[in-house]
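Encoded as structure tokens, the structure appears first; notes follow it.
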Amino acid sequence: MNLTPEEKRKLSQRNWTVAGLLLAFVALVFIVTIVKLGGNIAARPL
Amino acid sequence: MTTIDTPSRPSLAGPADYLALLKPRVMSLVVFTALASMIAAPGAIHPLLAATALLCIAVGAGAAGALNQWFDADIDAIMTRTRTRPIPAGLISRQGALEFGTTLAAFSVFTMAFLVGYVPAILLAATIAFYLFVYTMWLKRLTVQNIVIGGAAGALPPVIGWAAVTGNAFDTLPWLLFALIFIWTPSHFWALALAGSEDYARAKVPMLPVVKGSQETRNQILMYSVLLSVVALAPWSMGLTGIVYGALTATLSVAYIGFALILWRASPAHERNAALRLFAFSIFYLFAVFTALAVERLTGFAPQ
């Protein structure tokens, strides 16, 4: 199937949005993990 | 002879169309009530975790909205107010909306569970499930009490927000906030339904104005407005909020009843305008009451 320029543009937009959201999700999980880990390290008995 | 299925053309939907599928205006009210409840909750939460909890609530609410549009695509295509939504407009397929909504629902609940806590995650899952299975699939097309009972889904976010901070879902104040939104919902939706009752009648949705008529709807709106003022003031009368919340909520509740009275007395020619004014005020009312709750806590006026 040959895509029209408009179909190509929308497909590309959707792909980049999904990629961006997945990247943001990975970053969120990483940062929250560090934050929670940091708190636990600080709270451990010396 | 063999037949080959012609593949359908790729969708022309852009990110903005998928965002529209999440009902962002409804989402904003949900997120705001959850935020105010988080601020009012005792204890502290790391700002990043608070933001994560709000994001999960927003995405979960959006997912519920997308799944609602998947199931109600036939109704949305008939009603003037909803026929430009992405599915009836032909931009997103029903299957696409189902997959999108299910994915987001799963992401929001699991992210809430792993990053914030199990109690808010269970509440979020219950909210999405109630909105989809109880309201959308069961009550909406069945009974005139659809939005009364279904309103429980929209009322849960303050409890989720509270649970995200405290880890506890059994305190009194968040459930009073739940009751506030639960009692607020019928007058809010019936005002909108009065203004667009032909739309609901055409789509065969048994909204109160369609089934019981305009006068009964206006009676019920007035009754719920009075009940709302009692429920909204309960947190203050029980000593759980301070004078700022009490005074503002009392003033706004009197205005709310005033708008409901104007609608109750409106002639048929003025009914639509009066209904739309009450609808607009009801949104302002909810924002203002929850703002008072949050501001009172932030400024130290709330009872400790």
> Taking the Cα centre of the protein assembly as shown as the origin and placing charges on Cβ (Lys, Arg +1; Asp, Glu -1), which of B:144, B:93, B:107 is farthest toward the positive end of the dipole?
Replying inline: B:93
>> Debye calculation, C-alpha points only, no solvent: report log10 I(q)/I(0) for the stretch B:18-169 at q = 0.10, 0.11, 0.18, 0.20 Å⁻¹, in the same order as the q values.
In response: -0.34, -0.41, -1.00, -1.17
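How big is the equivalent ellipsoid of the stretch B:53-94 along its three axes, where each semi-axis is √(5λ) from the Cα gyration tensor, reported in whole Å from largest to smallest? Don't skip to the answer; put the middle values down first.
Numbers: eigenvalues 102, 18, 14 Å².
Over the Cα atoms of the stretch B:53-94, the semi-axes work out to 23, 9, 8 Å.
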> Helix A:5-43 versus the longest principal axis of chain A: what angle, 0 to 90°, nearest 10, using Cα atoms?
Replying inline: 0 degrees
>> As I understand it, the dipole of the protein assembly as shown uses +1 on the Cβ of Lys and Arg and -1 on the Cβ of Asp and Glu, about the Cα centre. Which of A:33, B:203, B:135 lies farthest toward its positive end?
In response: B:203
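Normalise the Cα radius of gyration of the stretch B:121-223 by 2.2 N^0.38 Å (N = residues in it) and let me know the number.
Numbers: Rg = 15.2 Å, N = 103, 2.2 N^0.38 = 12.8 Å.
Relative to the 2.2 N^0.38 Å estimate, the stretch B:121-223 comes out at 1.19.
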>> If amide hydrogens are placed 1.01 Å from N in the peptide plane, which non-local residues have theirs closer than 5 Å to the one on residue B:22?
In response: none
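Indicate the gyration tensor shape class of the stretch B:222-261 (rounded, prolate or oblate), computed on the Cα atoms with a ≥ b ≥ c the square roots of the eigenvalues: a/c under 1.5 is rounded; otherwise a/b larger than b/c is prolate and the rest oblate.
Working: a/c = 4.97, a/b = 1.81, b/c = 2.74.
Taking the square roots of the gyration eigenvalues as a ≥ b ≥ c, the stretch B:222-261 is oblate.
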> Measuring from centroid to centroid over Cα atoms, what is the spacing of the stretch B:48-108 and the stretch B:112-143 in Å?
Replying inline: 14 Å
>> When 1/r is averaged over all different Cα pairs and the result inverted, which Kirkwood radius in Å belongs to the stretch B:171-304?
In response: 15.4 Å
> In bins 20 Å wide, starting from 0, what share of all Cα pairs of the protein assembly as shown does each bin hold, as a percent?
Replying inline: 27, 53, 18, 2, 0
> GNM, chain B, Cα, under 10 Å: largest mean-square fluctuation among B:153, B:234, B:89?
Replying inline: B:89
> Taking chain B as a Gaussian network, Cα atoms linked when under 10 Å apart, which of B:97, B:16, B:152 shows the biggest mean-square fluctuation?
Replying inline: B:16
> How large is Rg/Rh for chain A, to two decimals, with Cα atoms and a Kirkwood Rh?
Replying inline: 1.47
>> Taking 31 Å as the cut-off for C-alpha to C-alpha distance, list the pairs among A:10/B:23; A:8/B:204; A:8/B:23; A:8/A:36 that go past it.
In response: A:8/B:204; A:8/A:36
> Among all helices in chain B defined by DSSP H, which have a length of 18 Å or more along the axis from Cα atoms plus a Kyte-Doolittle mean of at least -0.5?
Replying inline: B:24-40, B:47-71, B:94-111, B:172-195, B:214-237, B:243-265, B:268-298
> Which of the listed residues, B:179, B:290, B:194, is farthest toward the dipole's positive end in the stretch B:171-304, when Lys, Arg count +1 and Asp, Glu count -1 at the beta-carbon?
Replying inline: B:194
>> Under 10 Å, Cα contacts only: if you run a Gaussian network model on chain B, which one of B:61, B:44, B:155 comes out with the highest mean-square fluctuation?
In response: B:44
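Given the DSSP H assignment, sum -39500 (n - 2.57) over each helix run of at least 4 residues in chain B and divide by its residue total; what's the result at 222 nm in deg cm²/dmol, nearest 500?
On the way: 14 runs with 217 residues, N = 304.
Roughly -23500 deg cm²/dmol at 222 nm, from the helical runs in chain B.
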> Taking residue B:140 as the anchor, which aspartates and glutamates have their alpha carbon closer than 15 Å to its alpha carbon, excluding any fewer than eight residues away along the same chain?
Replying inline: B:72, B:74, B:76, B:199
> Rounded to the nearest whole Å³, what is the per residue volume of the convex hull around the Cα atoms of chain B?
Replying inline: 142 Å³
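Computed from the coordinates by the stated procedures, all read-outs in this text should not be read as laboratory data. The structure displayed is predicted, hence computed values, not measured ones. A quick note on method: Cβ atoms are made from the backbone with ideal geometry, for glycine too, and the neighbour counts reach across all protein chains shown.
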